[in-house]
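Working notes for the structure below.
The values are calculated or read from the model by the stated rules, or taken from the named source; none is laboratory data. Everything quoted here is computed from the prediction, not taken from an experiment. Backbone-built Cβ (ideal geometry, glycine too); neighbour counts: all protein chains shown.
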Amino acid sequence: MKGIDKKLDDAWSLAVKVQAGFKCEYCGKTSSLNSHHVYSRSNRSVRWDLRNGYCLCVSHHTFGNISAHKSPMEFSKWMEQDRGKEWADDLNVVANKTVKFMKCDKEFMLQNLLAYIQENNI
C-alpha cells in the first residue's frame, strides 16, 4: 500500500496548494510553499482530507517564530479565526474517528483529489 499512500500524499499536498491559490494562507507569500496537516499526517482519518490542510510558506509552517510547528497554540487560534469554529469542530469530530481504509477507499480518494486538482488548477 506504500505506493498508493505516496500518490495520495502527493495529490493531497498539491490539492492543498491549489485550494489556497498557491499562496501562504497566513501571509500571502507565493514562494517556498508547504502543505501543512492541521492534525498530524499520522492521523489516518484526516490524512488526505482537504479540510485538514493549510498552504503555508516555510516561515509560517516551520521556521518562523509564528509558525504552525513552533507556536502551535497561537497558530491553532489563528486557524479557528480564519476558518471558523464550525470548521474546527467538524474537523475535530472526523479526526477523532477510527478508520481503516482499504485499497479501494484509497483509490477513490486519489481519484477525487486528482479530479479536484484538474478542475481547479487554472
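General remarks:
- Single match in SER35, SER45, SER76, SER40 (criterion: touching a strand residue (DSSP E or B) at 6+ places or on another chain (Cβ under 7 Å) and of a type outside the set (Phe, Trp, Tyr)): SER35
- Taking segment 65-122 as the range and being out of contact with any Leu (no Cβ under 8 Å at 6 or more places or on another chain), surrounded by 15 or more Cβ atoms within 10 Å (Cβ to Cβ) and over 21 Å from CYS55 (Cβ atoms) as the test, only PHE101 passes.
- The lone criterion from (1) of a type outside the set (Gly, Ala, Ser); (2) in contact with a Cys (Cβ under 9 Å, 6 or more places away or on another chain); (3) modelled with pLDDT under 95 left unmet by THR98 is number (2).
- Residue satisfying all of: in segment 54-64; over 17 Å from VAL38 (Cβ atoms) and hydrophobic (A, V, I, L, M, F, W, C); surrounded by the most Cβ atoms within 10 Å (Cβ to Cβ) among these: VAL58
- Members of segment 10-33 found to be within 14 Å of the chain's Cα centre (by Cα) and surrounded by fewer than 16 Cβ atoms within 10 Å (Cβ to Cβ), listed by number: ASP10, GLY21, PHE22
- Where THR30 falls short, out of the listed (1) part of a helix (DSSP H, G or I); (2) without any contact (Cβ under 8 Å) to a residue 40 or more places away in the chain; (3) not aliphatic (A, V, I, L, M): (1)
- Residue tally, condition surrounded by fewer than 21 Cβ atoms within 10 Å (Cβ to Cβ) and touching a His at 6+ places or on another chain (Cβ under 6 Å), over segment 34-53: 1
- A residue that is closer than 22 Å to ASN112 by Cβ and not in a helix (DSSP H, G or I) cannot be found anywhere in segment 2-11.
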